[in-house]
1. First measure r as the distance between the Cβ atoms of Glu61 and Glu114, then evaluate 1/(1 + (r/R0)^6) with R0 = 22 Å and state the FRET efficiency to the nearest 0.05.
2. Starting from the residue with the highest accessible area, list Leu138, Leu146, Leu112 in decreasing order, probe 1.4 Å.
3. Could you sort 76-87, 23-34 so that the peptide with the highest average Cβ count within 10 Å comes first and the rest follow in order?
4. Can you give the translational diffusion coefficient of the chain in µm²/s, computed by Stokes-Einstein from the Kirkwood radius over Cα pairs at 25 °C and 0.890 mPa s?
5. Taking Cα centroids, how far is the range 111-151 from the range 23-80 in Å?
6. To the nearest 0.05, what FRET efficiency results for His104 and Val32 with a Förster distance of 22 Å applied to their C-beta separation?
7. Per the 1.4 Å probe, what fraction of the accessible area of the chain, in percent, lies on carbon and sulfur atoms?
8. Please work out the average accessible area per residue across the chain, using the 1.4 Å probe convention, and give it in Å².
Amino acid sequence: TYTVRIGSTNDPYGPAAFEPYVGAYRFQLRRVRRAPERAPARPAPGDTVAESLDAVGDVDEFAVEGAPGAEYNVFFRTVTGDARTAMQLDVDGAAGRTGAVTVHSGGRDSVLTEQATGRFALGPAGRAVLRVAGATDLTGRGPYRLLVYPV
């Protein structure tokens, strides 16, 4: 159970300085579903995935599975054409890495193979998780592509 409170704040720069805002507003509450909406959650090595972050705060997670030690490189590109778009791809579960491998892409990136994670190996479990999200909550919406490339 969650409680949501909506209140007024003072805008010290507005014409009605120090007066509370009174008027209409819109509010949306969404549950974050981490599975991709259209693409398979387990992309086949060598396949290019086309997917989209559909709403503010959306997250898509994909699983790369294979033999422990198998090496991959993941290429990532947003395809919005909007310079304000900024997304990131994190890889968790890479062998020998203490943190996630991260690659960023902006809305004006034009070639899929320019933004890459770099080579990484699957750990002892033979699995890595690819997580696509907005670089910030306000900049991460729209279509993207990724290519899971087996090395």
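The values are calculated or read from the model by the stated rules, or taken from the named source; none is laboratory data. Small disclaimer: the values here were computed from a predicted structure and weren't measured. Neighbour counts run over all protein chains shown; Cβ positions are idealised from the backbone, glycine included. Surface areas here come from the heavy atoms of the whole protein model, side chains and all, with no ligands, DNA or RNA. Shrake-Rupley method; radii C 1.70, N 1.55, O 1.52, S 1.80 Å.
1. Rounded to the nearest 0.05, the efficiency is 0.40.
2. Leu138, Leu112, Leu146
3. Most protected by this proxy first, the peptides run 76-87, 23-34.
4. 142
5. Their Cα centres are 9 Å away from one another.
6. Calculated transfer efficiency: 0.60.
7. C and S atoms contribute 50 percent here.
8. Counting only protein heavy atoms, the per-residue value for the chain is 63 Å².
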